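**Q** Dropping a structure here in structure tokens format, bear with me for questions.
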Amino acid sequence: MRYFLALAQEGNFGRAAERLHITQPPLTRQIHALEEELGTRLFLRTRKGAELTEAGQTLLEEVPNILSLAHRAEERTQLAGNGYIGRLDVGIFTSGVLNVIPRLLADFHAVRPDVKIGLHNMSKSEQIVALRERRITIGFNRLVPYEDDIAVDWVLRESFLVALYEEHPLCRKTRLTLRDLDNEPMILYPSAPVHGLIEEVEAAFRAEGIQLRIEQEVEDVVTCIALVASRFGLCVTTASASNLQLPGVVYRPLVSTNLKDIELSCLYRREDNSPILRAFLALIKASRSHI
């Protein structure tokens, strides 16, 4: 199309070739090939050069649109190849949105605003299934089990806290141990068929020989903290949960040899080399130094 446009505007093969910085024979071959492809003559050869036929004049009217679309396709292809347009579907869970995940997504959106971000609230097992079915690009969760086809990398390491209701006697202490929680009514989460925080807490109580009195098992941290606020009991939770500033709830650091910290991880398909995913993983890696 660029060769055609140059010849149509110059009306002379020699001048058009000079403008295109090529010799005349390649230009002639390209025009002949175009005419053969379209099945019609585009130029009439004259002693002065070349004149457009009626078909050639019709094509000339379309060339600016064709070149514009080709340029746009080239730009968008390059943007997609570098991960600047497209879609990032993210599997999240309730307590995961209380701290680092929204900041990561906001930072990613700031540098790649044309990437559409979709959020999907899913359990750990649901995220693994969704990754395999390519319904999400990446997931966030804790205590992710090993799977051959799923890569897992750490995002944030959080300390443990104890959530108490105001006026509980343990509020007078600046930090707590599991022994302080011996036989206290406890609310645990998440209640799920796969290994999670509940199992970690139960194992820690057993390891330290302390009685765990379970008052409630709930599915998510919001329900758990709400029940603490309602004085149903206490709970062991993660540092990010302290962003839930519900009235009547107090948080204290937990000192335990068996519950020192817990990782928030990201999980994604091992074979996924999409530019958007790679860019997001690079952002996660860079964020570790200042989270």
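**Q** Yes or no: Leu259 part of a helix (DSSP H, G or I) and closer than 21 Å to Glu158 by Cβ? Even if it seems obvious, please write down each step before you answer.
**A** Details: part of a helix (DSSP H, G or I): no; closer than 21 Å to Glu158 by Cβ: yes.
No, not satisfied.
**Q** Checking the condition assigned by TED's automatic domain parsing to the domain that holds Phe280 and in contact with a helix residue (DSSP H, G or I) (Cβ under 9 Å, 6 or more places away or on another chain), which residue from His120, His109 passes?
**A** Numbers: His109 fails: in contact with a helix residue (DSSP H, G or I) (Cβ under 9 Å, 6 or more places away or on another chain).
Going through His120, His109 in turn, the sole match is His120.
**Q** For Ile101, indicate whether it is closer than 22 Å to Ser274 by Cα, at pLDDT 95 or above and not polar (S, T, N, Q).
**A** In short, no.
**Q** I would also like to ask the following. How many residues are over 33 Å from the mean Cα position of the chain (by Cα) and of a type in the set (D, E, K, R) when one looks only at the range 195-230?
**A** Of the residues in the range 195-230, 4 are over 33 Å from the mean Cα position of the chain (by Cα) and of a type in the set (D, E, K, R).
**Q** On to the next question. Among the listed residues Val222, Val194, which satisfies the condition of being surrounded by fewer than 19 Cβ atoms within 10 Å (Cβ to Cβ), in a helix (DSSP H, G or I) and modelled with pLDDT under 95?
**A** Val222
**Q** Moving on. If you scan the range 112-146, which residues turn out to be in a helix (DSSP H, G or I) and touching a Phe, Trp or Tyr at 6+ places or on another chain (Cβ under 9 Å)?
**A** Initial filter on the range 112-146 (in a helix (DSSP H, G or I)): 124-132.
Lys124, Gln127, Leu131, listed by residue number.
**Q** Which is at pLDDT below 95, assigned to a helix (DSSP H, G or I) and more than 23 Å from Glu167 (Cβ to Cβ), of Ala241, Ala286, Ala279, Ala204? Lay out the reasoning, then the answer.
**A** Numbers: Ala241 fails: more than 23 Å from Glu167 (Cβ to Cβ); Ala279 fails: at pLDDT below 95; Ala204 fails: at pLDDT below 95.
The match here is Ala286.
**Q** Let me ask you something else. Scanning for something among the β-branched types (Val, Ile, Thr), within 15 Å of Leu98 (Cβ to Cβ), in contact with a Lys or Arg (Cβ under 9 Å, 6 or more places away or on another chain) and assigned by TED's automatic domain parsing to the domain that holds Leu164, does the range 228-246 turn up at least one residue?
**A** For the range 228-246, residues among the β-branched types (Val, Ile, Thr), within 15 Å of Leu98 (Cβ to Cβ), in contact with a Lys or Arg (Cβ under 9 Å, 6 or more places away or on another chain) and assigned by TED's automatic domain parsing to the domain that holds Leu164: present.
**Q** Being among the basic types (Lys, Arg) and touching a residue at least 60 places away in the same chain (Cβ under 8 Å) is the filter here, so list the residues in the range 208-239 that pass it.
**A** Within the range 208-239, just Arg231 meets the criteria.
**Q** Pull up the range 148-170, narrow it to residues that are of a type in the set (Phe, Trp, Tyr) and over 18 Å from the mean Cα position of the chain (by Cα), then point me to the one that is surrounded by the fewest Cβ atoms within 10 Å (Cβ to Cβ).
**A** It comes out as Tyr165.
**Q** Okay, next question. Which ranges mark the strands (runs of 3 or more DSSP E) fully within the range 1-100 that have 1 or more residues being in contact (Cβ under 8 Å) with a residue 24 or more places away in the chain, touching a Cys at 6+ places or on another chain (Cβ under 8 Å) and among the aliphatic types (A, V, I, L, M)? Spell out the reasoning first.
**A** Working: elements: 43-45, 50-52, 86-92.
Result: empty, no element qualifies.
**Q** For the range 143-153, indicate whether the set of residues that are modelled with pLDDT under 95 and either in the same structural domain as Cys224 (by TED's automatic domain parsing) or on the phi > 0 side of the Ramachandran plot (or both) is non-empty.
**A** Looking for residues that are modelled with pLDDT under 95 and either in the same structural domain as Cys224 (by TED's automatic domain parsing) or on the phi > 0 side of the Ramachandran plot (or both), one finds at least one in the range 143-153, hence yes.
**Q** Now, a different point. Please count how many residues of the range 12-23 are surrounded by 15 or more Cβ atoms within 10 Å (Cβ to Cβ) and over 18 Å from Pro64 (Cβ atoms).
**A** Total meeting the criteria: 5.
**Q** What residue, among those in the range 112-147 that are farther than 13 Å from Arg87 by Cα and without any contact (Cβ under 8 Å) to a residue 24 or more places away in the chain, is surrounded by the fewest Cβ atoms within 10 Å (Cβ to Cβ)?
**A** Here the residue is Tyr146.
**Q** From the set of residues in the range 244-265 that are hydroxyl-bearing (Ser, Thr, Tyr) and under 21 Å from Asp180 (Cβ atoms), which is nearest to the chain's Cα centre (by Cα)? Step through it out loud before you land on a result.
**A** Residues of the range 244-265 that are hydroxyl-bearing (Ser, Thr, Tyr), as a first pass: 251, 256-257, 265.
Applying the additional criterion that residues be under 21 Å from Asp180 (Cβ atoms) yields 251, 256-257.
Numbers: Tyr251: 31, Ser256: 34, Thr257: 34 Å.
Looking at residues that are hydroxyl-bearing (Ser, Thr, Tyr) and under 21 Å from Asp180 (Cβ atoms), I get Tyr251.
**Q** How many residues does the range 156-181 hold that are among the β-branched types (Val, Ile, Thr) and either out of contact with any helix residue (DSSP H, G or I) (no Cβ under 8 Å at 6 or more places or on another chain) or modelled with pLDDT under 95 (or both)?
**A** 2
**Q** Kindly evaluate Asn183 against the criterion of being within 30 Å of Asp89 (Cβ to Cβ), exposed (fewer than 14 other Cβ atoms within 10 Å of the Cβ), among the polar types (S, T, N, Q) and in contact (Cβ under 8 Å) with a residue 12 or more places away in the chain.
**A** So Asn183 fails the test.
The values are calculated or read from the model by the stated rules, or taken from the named source; none is laboratory data. Every value quoted in this text rests on a predicted model; they were computed, and no experiment measured them. Heads up, the Cβs are rebuilt from the backbone with ideal geometry, glycines too, and the neighbour counts pull from every protein chain shown.
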